[in-house]
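The values are calculated or read from the model by the stated rules, or taken from the named source; none is laboratory data. As the structure is a computational prediction, the values presented were derived from the model and not from experiment. Glycine also receives a Cβ, built like all others from the backbone with ideal geometry; neighbour counts cover every protein chain displayed.
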Amino acid sequence: MEYSVLAMSYAAGGAVTGGHLYRNGPKGGRGLVVNAAMTVLWPLYWVLAFGVLGTADLLISSISHILVRAIDSVSRVLSALMAAVKQNEELISSAYVYGAVLTSGIYIFHGWDTVSGITGWIGILVRSMLWGAVWPAYWVGAVTA
């Protein structure tokens, strides 16, 4: 297991180095050979080309750039989702209320015959209201159970 993680890490470093050299490395016949050799020996390439601190700086700036882009993408999706919700707020709230009422009714229908006495019936009514309030969770549980 440990060796496979190490091999995957080394392969990922080689892929990153190969992409970097494809974009920025020497071109032509000799350039392809040099790029292939440096891709295989990628830890050596980064230290020789940029130094230890330069490599660390490149790594940190690349990771921060990727994180900023990912956060920006998530932010855009959430903004679009919130705009859609705001635009259809009345429809969504109506659908939620209908789902709550329907779920409560179904819960009462299926549980009414399983209890007896006033305390059992009150329990069914209270549980139906609770499940009605969180009906999406109820249906996820019902479908996946």
Problem - Which listed residue, of Gly51, Gly120, Gly25, Gly14, is at pLDDT below 90, farther than 30 Å from Ala137 by Cβ and either surrounded by 10 or more Cβ atoms within 10 Å (Cβ to Cβ) or in the same structural domain as Ala137 (by TED's automatic domain parsing) (or both) - result: Gly25
Handout entry: Pairs with Cβ under 9 Å, 6+ apart, first in the stretch 45-70 and closer than 15 Å to His20 by Cα, second part of a helix (DSSP H, G or I) and among the hydroxyl-bearing types (Ser, Thr, Tyr)
Key = Tyr45/Thr17; Tyr45/Thr39; Trp46/Thr17; Trp46/Thr55; Val47/Thr55; Ala49/Thr55
Fill in the blank from the handout: Flagged in the stretch 54-70 as aliphatic (A, V, I, L, M) and either surrounded by fewer than 11 Cβ atoms within 10 Å (Cβ to Cβ) or not assigned by TED's automatic domain parsing to the domain that holds Val16 (or both), in numbering order, are Ile60, Ile63, Ile66, Leu67, Val68, Ala70
Fill in the blank from the handout: Flagged in the stretch 126-138 as of a type in the set (A, V, I, L, M, F, W, C) and either surrounded by 15 or more Cβ atoms within 10 Å (Cβ to Cβ) or not in a helix (DSSP H, G or I) (or both), in numbering order, are Trp131, Val134, Trp135
Exercise for the section: Determine which single condition Asp57 fails, assuming it passes every other condition in (1) modelled with pLDDT of 90 or more; (2) acidic (Asp, Glu); (3) under 30 Å from Leu125 (Cβ atoms). Expected result: (3)
